[in-house]
């Protein structure tokens, strides 16, 4: 089976994360949405029907046998319904198109729960559920590496270590969910971790870290301090003390030492979050909502973020005080104001950071960043006076 993941017209509701990736490439839990579907449908390969500028990094599928809506999370009922549906059918759940087989002439309605990722804060909202689901996908019929006796495990859910993963003098509380430690990942001494928890290949948890449940770290992340219900897409750092909660970080982000991010308003009111599509703040329906940060963004030491702050792609933030709750893409500055983070500086930093992970800031990556820079120009209001 070959899968093609398509996007509906609302992909901009997932900006800034979907500026630099197709919706189906967003990580929710341990796996990306595309990886979940590929596993459950036993697909040979998959590709993306996405925006033209992303195709160089995310190619189209060749002769796909099924098309899948990219922001929908699979479950057992949906997978069974797709497999048993006749050819040339459109499969729907709660009147939402989930999959199209062949020409999709016939309509099949499934009776199932439906999880859709249509806003960035949905990512951390469903992280715990999806860690549990992905844990079963990844570890079924497999054996964990031996956990060192220096560790303490509380609770009945398992701790699973991939090849080369290490943990010493760590307290795992798996009462609420499992802990998954990816290949060659490391948890340093004195850390306390509550499940459900997952960390990808090559990631590191620093000494004495406090990691609360429903936290998922993608590959090659460095995490320290206090973290609660956070999703990191991959290759990003929060390596020092400071608090980050109910948050989503893209790739190639860096959070400076002693940075603190509010995830609850003093009034305990519902948090409003900036929406790129409507160009305004909208009610999230969430009481807890912290930082949303796009790819390649950074902040300096002692940065403070207000509840529900959205930081766009390739921002560089520093200085005293709170930046405003929406920081436009390619901003340089902080609470006192912004100038534009120019492309030569963006490229230089990206190249240096990616080299540290043995990755290349190649022409494909560069082209994507340039397109996003052009598409976000109108958001940088200070440029209108230049």
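Just to be sure I understand: if I project the alpha-carbon convex hull of segment 239-304 onto a plane and average over all orientations, what area do I get in nm²? Before the final figure, lay out each step's value.
On the way: hull surface 19.6 nm².
With the hull built on Cα positions only, its mean projection is 4.9 nm².
Return the Rg/Rh value of the chain, two decimal places, where both radii are evaluated on C-alpha atoms and Rh is the Kirkwood radius. Walk me through the numbers on the way to the answer.
Details: Rg = 20.6 Å, Rh = 21.4 Å.
My calculation puts Rg/Rh at 0.96.
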Efficiency of FRET between residue 12 and residue 384 - r from beta-carbon atoms, R0 25 angstrom, step 0.05: 0.70
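Over the Cα atoms of segment 78-195, Rg to Rh with Kirkwood Rh, two decimal places?
1.15
Treat segment 240-354 as a sphere of radius equal to its Kirkwood radius over Cα pairs and apply Stokes-Einstein at 20 °C in a medium of 1.002 mPa s; give the translational diffusion coefficient in µm²/s, rounded to a whole number.
Values: Rh = 14.2 Å.
Approximately 151 µm²/s, per Stokes-Einstein.
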Where only C-alpha atoms are counted, convex hull volume of segment 172-253 per residue in Å³: 64 Å³
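Relative contact order for the chain using alpha-carbon pairs under 8 Å, separation at least 6, rounded to a whole percent? Kindly include the intermediate steps, with their values, before the conclusion.
Details: 1049 pairs, mean separation 40.5, N = 386.
Contact order relative to length: 10 percent.
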DSSP bridge pairs, the chain: antiparallel proportion in percent, nearest 5: 25 percent
Label point distance in nm, residue 192-residue 65, each placed 7 Å from Cα along Cα→Cβ: 5.0 nm
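When a footprinting reagent is the concern and you count Cβ atoms within 10 Å, what order do 152, 20 take, fewest first? Write out the running numbers ahead of the final one.
Working: 152 11, 20 26.
Lowest count first: 152, 20.
Given the DSSP H assignment, sum -39500 (n - 2.57) over each helix run of at least 4 residues in the chain and divide by its residue total; what's the result at 222 nm in deg cm²/dmol, nearest 500? Walk me through the numbers before you get to the answer.
Numbers: 6 runs with 62 residues, N = 386.
Taking each H run of at least 4 residues, the total per residue is -5000 deg cm²/dmol.
Per 0.36 nm of contour for each residue apart, how much would the distance between residue 107 and residue 375 grow if the chain were fully extended, relative to their Cα-Cα spacing? Walk me through the intermediate numbers first.
Numbers: separation 268, 0.36 × 268 = 96.48 nm, distance 3.71 nm.
Full extension of this stretch gives 92.8 nm more.
Equivalent ellipsoid semi-axes for segment 2-118, as square roots of 5 times the alpha carbon gyration tensor eigenvalues: give them largest first, rounded to whole Å. Don't skip to the end; give the middle numbers.
Values: eigenvalues 93, 49, 36 Å².
Square roots of five times the eigenvalues give 22, 16, 13 Å.
Every number here is computed from the coordinates shown, using simple stated rules; none is lab data. Treat the numbers as computed from the prediction; the structure is a model and nothing was measured. Here the Cβ is made from the backbone with ideal geometry for all residues, glycine too, and neighbour counts use every protein chain on show.
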